[in-house]
Amino acid sequence: MTLTAKAFQRWLQGVAPDASTADICRVSGIKRTTLAQQLVRGKISVGTVVSISRAYNLNPVTALAGFDAYSVLAGPPQAPTSSELVSQISTADLLRAVLARPAMDPPGRRGAPPFVLSPAPHATSVKNWVDAIDDGEVRHRVSAATGVAPQNYSAQLTANRLSPELAVATALAAGVAPASGLVATGVITEEEAGWPPDARQAALDSMSDGELTTLAGDRLQALGKTLRRQEQDQAQTEKIWENLG
């Protein structure tokens, strides 16, 4: 959901009352043409507010909460669930964690050296997050609340993306922290959402060897399906070009 230009300008007046449009674009890294087009259309993107908030050392979640469309973000940060935290760990990091477990070490060898988790989001963070919070009915509740057709919602998940509006709506439908969806989609960082430091690592460490191995296996299976589909699409494209040539 975009934000109205009127609400944005009112917010901007409070953030940088003496700054010109050129000043704001320079410090935030937003192109002047981009901001001008959004103002002309009367629709400001969430990313614009996030970028300006960061430039002026404001928490983006707090800034967004000041707009009616994202007022559900107001209040103290809500802690993510353990499943959400693990969903924001990449498949590669899960595999490293599996190999680092003592149960996976050949006799006489030490465990793999510790490693730092790569930051969220990752290549399948959005779909993993939705899968982690879905009780089987979340997609239908989101569709009913937003009017987005289930097939269109699923198409976004397949592409590993969700608009900020749908990310927040999905969190509300699942009963989890609204800001978590913005982390999974890369709109805000873990720190900006109020996630405790090393929360993902702690959630990973709390998993048993069996849980971790099963999850890593599920991720690999999903990755295999995606790669096979891409290979089939590529082969089909090459065949079409051969026939045209």
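The values are calculated or read from the model by the stated rules, or taken from the named source; none is laboratory data. Not measured: the values here are computed from a predicted model. Note that each Cβ is placed from the backbone with ideal geometry, even for glycine, and that neighbours are counted across all protein chains shown. Surface areas here come from the heavy atoms of the whole protein model, side chains and all, with no ligands, DNA or RNA. Shrake-Rupley method; radii C 1.70, N 1.55, O 1.52, S 1.80 Å.
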Next on the checklist: Testing the spin-label approximation: label points 7 Å from Cα along Cα→Cβ at S206 and M104. State their distance in nm.
Outcome noted: 2.1 nm
Item to check | Cβ charges +1 (Lys, Arg) and -1 (Asp, Glu), total dipole of the chain, debye | outcome: 680 debye
Checklist outcome for this item: Per-residue accessible area, 1.4 Å probe, largest first, puts H140, H122 in the order H140, H122
Checklist entry - Taking +1 at the Cβ of each Lys and Arg and -1 at the Cβ of each Asp and Glu, which of A16, G66, V49 sits farthest along the dipole of the range 1-70 towards its positive end, judged by Cα position relative to the Cα centre? => result V49
Checklist entry - With every protein chain left in place, what is the accessible area per residue of the range 182-245 in square angstrom, probe 1.4 Å? => result 67 Å²
Next on the checklist: Please compute the length gained on full extension between Q37 and A222, using 0.36 nm multiplied by the number of residues separating them and subtracting their Cα-Cα distance.
Outcome noted: 62.6 nm
Next on the checklist: As a test question: what accessible area, to the nearest 10 Å², does W11 have when a 1.4 Å probe is rolled over all protein chains in place?
Outcome noted: 40 Å²
Checklist outcome for this item: FRET efficiency for V15 and A149 from the Cβ-Cβ distance with R0 = 45 Å, rounded to 0.05, comes out at 0.75
Checklist entry - What dipole magnitude, in Debye to the nearest 20, does the range 1-99 give about its Cα centre under +1 on Lys/Arg Cβ and -1 on Asp/Glu Cβ? => result 380 debye
Next on the checklist: Taking all protein chains in place and a 1.4 Å probe, what share, in percent, of the accessible surface of the chain do carbon and sulfur account for?
Outcome noted: 54 percent
Next on the checklist: Which of K225, K127, K31 ends up with the largest GNM mean-square fluctuation for the chain, with Cα atoms connected below 10 Å?
Outcome noted: K225
Next on the checklist: Quick check: convex hull of the Cα atoms in the range 152-245, volume per residue, rounded to a whole Å³?
Outcome noted: 146 Å³
Checklist entry - So, counting K/R as plus one and D/E as minus one, what does the shell of residues with Cβ under 12 Å around P17 add up to? => result -1
Item to check | Given charges at Cβ of Lys, Arg, Asp, Glu: the chain dipole, positive-most of A79, A235, V138 | outcome: A235
Checklist entry - Hey, with R₀ at 30 Å, roughly what FRET efficiency would Y56 and S83 work out to, going by the Cβ-Cβ distance, to 0.05? => result 0.30
Checklist entry - Three principal axis extents, largest first, for the C-alpha atoms of the range 30-139, in Å? => result 67, 35, 25
Checklist outcome for this item: If R0 = 22 Å, then R161 and Q230, at their Cβ-Cβ distance, give a FRET efficiency to the nearest 0.05 of 0.85
Item to check | Contact order normalised by residue count of the chain, Cα under 8 Å, 6+ apart, percent | outcome: 20 percent
Item to check | Two-decimal Rg to Rh for the chain - Kirkwood Rh, Cα set | outcome: 1.04
